[in-house]
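Chemist: Before I ask anything, let me first share the structure, which is written out below as structure tokens.
Read-outs: derived from the displayed coordinates by stated rules, not from any lab. These numbers were taken from a predicted model, which means no experiment stands behind them. So basically every Cβ, Gly included, is an ideal-geometry build from the backbone, and we count neighbours across all protein chains shown.
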Amino acid sequence: MAETNFQKPKRWLACCLSLVVMAGLAACDPEGSSNSGKTLSTDTPEAQRPSPKRETSQVVVFFGNSITAGYELNPDDAFPAILQRRLDSLGMAHVRVVNAGVSGETSADGLGRIAWTLKQPVNVFVLELGGNDGLRGLALEETRTNLDSILTIVRRTYPDVQLVVAGMEIPPNMGPQYTRQFREMYPYLATKHQATLIPFLLEAVAAEPHLNLDDGIHPNEEGHLLVAETVWTYLSPLLGAAE
């Protein structure tokens, strides 16, 4: 914000006082650059040193609900963050993982915010939504239409994007027909949009008490490690990763 004429004399006075106090040991620079011609101390605290800039050439967006967000966990323990650390360890720091998960979100909620999410560049888009629709018994035609629309918008915005559909399953309490149709929805969407299909995101975690929180639905820290392994199987070929 530009300075007003009222602010400038105050700034000049403060600068002069600084010269007196420091006795010429530090120069007064009204533009905020007082280190010209000086060498930074080698004992600068690590927390104050500028962190290296990440040169990003690929962006992977995980667009989902509480599973992606890492419900009740530190975000660093959610599977997207685990995948970022794995990429970094493989010398692939140019790949930036974005956790765009929102707990409690339905497919309709996701459709409502997809345009905002796509304001950033996207090279790989992983769709993980629909689980909350199924748990609430929402009409499958509506869920399928919402997810279809999300994938269509992503492809239209970034024609070269690589799409990934993370399949989900629900408990059988909604009836066998609903459960089957829900499961079949994800392969249908993946085929229609030429996307990579993860058949069941929670393949190694579902129904395993020691891998989930007390609610029996959301993975715990150990569970997210296994979810990351599942996702990596399908994601790594898209990024050209090799171990």
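Chemist: Where does each of 137-145, 96-104 land if you order them by average Cβ count within 10 Å, highest first?
Modeler: For the peptides 137-145, 96-104, the packing ranking is 96-104, 137-145.
Chemist: Let me ask another. Roughly how big is segment 92-192's charge dipole about its Cα centre, with Cβ charges of +1 (Lys, Arg) and -1 (Asp, Glu), in debye to the nearest 20?
Modeler: Rounded to the nearest 20 debye, it is 240 debye.
Chemist: Turning to a different aspect of this structure: Given H placed 1.01 Å from N in the peptide plane, which residues other than close sequence neighbours of Val98 have an amide H under 5 Å from its amide H?
Modeler: Val60, Val61, Phe62
Chemist: Could you run the Karplus curve 6.51 cos²θ - 1.76 cosθ + 1.60 with θ = phi - 60° over segment 122-136 and give me ³J(HN,Hα) per residue in whole Hz, x for Gly and Pro?
Modeler: Whole-Hz 3J(HN,Hα) from phi for segment 122-136: 9, 9, 10, 10, 10, 9, 10, 9, x, x, 5, 4, x, 5, 8.
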